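What follows is a single structure, written as structure tokens, with notes after it.
The values are calculated or read from the model by the stated rules, or taken from the named source; none is laboratory data. All figures in this text were calculated on a predicted structure; none of them were measured in a lab. With ideal geometry, Cβ positions are generated from the backbone for all residues, glycine too; neighbour counts draw on all protein chains shown. Quick note on the areas: whole protein, heavy atoms, side chains included, nothing else; ligands and nucleic acids left out. Shrake-Rupley method; radii C 1.70, N 1.55, O 1.52, S 1.80 Å.
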Amino acid sequence: MKKILLILIYFPLTLLAQTSHIVNTGMLYFNPYELNISTGDTVYWINEGGNHNVNFDINTLTGLSFNNPESFVSTPTTSTDIYSYVFTISGTYNYDCSVYGHAAGGMTGKIIVNNANSINDQIFTKKIIKITDLLGRKTKQKNQFLIYLYNDGSSEKKIIIE
């Protein structure tokens, strides 16, 4: 009976710890470049313009494997939603955009996946590092769409009307 009660309490708590993260992509950038997440978290790559993909398999610049814990490649697209992925294995993942010339122009990124327990300690220290408008300009004005960027690499899109 105690085991069943423990499972019923623990399982919903693990669901609460899972988070979604957004990586904005555009002409020769992934923003944020480096993202710290927890196992079980989902990352969404959002296209802000151009034809892009996410390549976690073979480094476009060197032709060598990234040696990531898992390898995958999305299909290049001009769609707003480039790709999403649930990271289930902890470790450091390097990636790039394998569309011709993009990685050479600096379109590379890194995702560090921590075990769920180690990242839970960081949840309580999440702080806003920057507030920008939709064009990425630093602002604190109200009555417009704002993007809140946090120290853990996550972001939120908000509109505050006063």
Any aspartates and glutamates with Cα under 12 Å of the residue 126 Cα? List them, leaving off those in the same chain fewer than 8 positions away.
-> 152
Rounded to a whole number, what % of the accessible area of the range 51-108 do carbon and sulfur atoms account for, probe 1.4 Å?
-> 50
Take each of the peptides 52-59, 150-157, average the number of other beta-carbon atoms within 10 Å over its residues, and list them starting from the highest.
-> 52-59, 150-157
Determine the shape class of the range 53-92: with a ≥ b ≥ c the square roots of the Cα gyration tensor eigenvalues, call it rounded for a/c under 1.5, and otherwise prolate if a/b is greater than b/c, oblate otherwise.
-> oblate
What length, rounded to one decimal in nm, is gained on full extension from residue 44 through to residue 24, with 0.36 nm per residue of separation minus their alpha-carbon distance?
-> 6.4 nm
Simple spin-label model, 7 Å along Cα-to-Cβ: residue 151 to residue 70 in nm?
-> 2.9
Measure of exposure for residue 27: accessible area at 1.4 Å probe, Å² rounded to 10, is 120
Once you put a point 7 Å from the Cα of residue 132 and another 7 Å from the Cα of residue 78, both along the Cβ direction, what distance in nm separates them?
-> 2.4
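Using 0.36 nm per residue of separation minus the Cα-Cα distance, give me the extension gain between residue 143 and residue 57 in nm, one decimal.
26.7 nm
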Which order do the peptides 66-79, 86-99 take when ranked by the mean count of other beta-carbon atoms within 10 Å per residue, highest first?
-> 86-99, 66-79
